[in-house]
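Chemist: So that we are looking at the same thing, I have put the structure below in C-alpha cells.
Since every read-out is calculated from the coordinates, none of them should be taken as a lab result. From a predicted model like this one, the values you see are computed outputs, not experimental measurements. All Cβ positions, even for glycine, are placed from backbone atoms using ideal geometry, and neighbour counts span all protein chains on display.
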C-alpha cells in the first residue's frame, strides 16, 4: 500500500494502528498461524476503494496479504468488468456486499494477452451465469474465462483469494 493510502486510512480510522501491514516478503512472516480481518474493518476499507473506483475504471482492489501460493485481496466494483482469464491462478470470491452476475466458461471475446498467463477481453461469450449475493462463495478455476456483470447502480464488494494452481516454467 502506498504512503498516500496509509495516510488516508489514518485519517479515516485514527484510533487504529497498522490495520493492514505491508504484504509479507519473508517466508517466516508469511506463514504465521493466523491473519484476521474483521468484517467492519474490511467494509470501511471498501468505502475507500469505492471512492478510488469512481475515479478510475469502475473497480479498485487492494492486496491484503501475499503468501507463497495465494494472496488475499479486497475488491470493489461499481461497474461491470471486462472478461478475464488467469491461466495459472484460480479466484475464490467471498461476497461481502452487493450483487452481481458472474459469467464463467465460454470464451473470451477479443482476447488480448496483458501479461504472461493473463488474458483480457471485451466479454465472455457462451458462458454460464450465476447471481452472487452477500454471503455467497464462488470458485473460478485457473484457465476459466470469467466476468462480473453489475446491473444499474449495483455495486459489489468481495474478499478474493487468488490461488496458484499452475506453475510457470
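Chemist: Once a ≥ b ≥ c are taken as the square roots of the eigenvalues of the Cα gyration tensor of segment 86-146, is the result rounded (a/c under 1.5), prolate (a/b larger than b/c) or oblate (a/b not larger than b/c)?
Modeler: On the way: a/c = 2.29, a/b = 1.60, b/c = 1.43.
It is prolate, given that a/c is not under 1.5 and a/b is the larger ratio.
Chemist: Would you work out if segment 116-166 is rounded, prolate or oblate? Take a ≥ b ≥ c from the square roots of the eigenvalues of the alpha-carbon gyration tensor; rounded if a/c is under 1.5, else prolate when a/b is larger than b/c, oblate otherwise.
Modeler: Oblate is the answer for segment 116-166, as a/c is 1.5 or above yet b/c matches or exceeds a/b.
Chemist: Still on this structure, please answer the following. Using a 7 Å offset from Cα along Cα-Cβ at residue 133, what residues in segment 90-116 end up with backbone N under 19 Å from the label point?
Modeler: 93-103
Chemist: If you don't mind, there's one more thing I want to ask. Efficiency by 1/(1 + (r/R0)^6): what FRET value for residue 141 and residue 69, r their Cβ-Cβ distance, R0 = 22 Å, to the nearest 0.05?
Modeler: On the way: r = 15 Å, r/R0 = 0.68.
Computed FRET efficiency for residue 141 and residue 69 comes out at 0.90.
Chemist: Here's something else I'd like to know. Once you put a point 7 Å from the Cα of residue 151 and another 7 Å from the Cα of residue 125, both along the Cβ direction, what distance in nm separates them?
Modeler: Label-label distance for residue 151 and residue 125, simple model: 2.5 nm.
Chemist: Rounded, prolate or oblate: which fits segment 59-169 when a ≥ b ≥ c are the square roots of the eigenvalues of the alpha-carbon gyration tensor, with rounded for a/c under 1.5 and prolate only if a/b beats b/c? Provide the component values of the computation, followed by the final result.
Modeler: Working: a/c = 1.73, a/b = 1.13, b/c = 1.54.
In terms of gyration-tensor shape, oblate.
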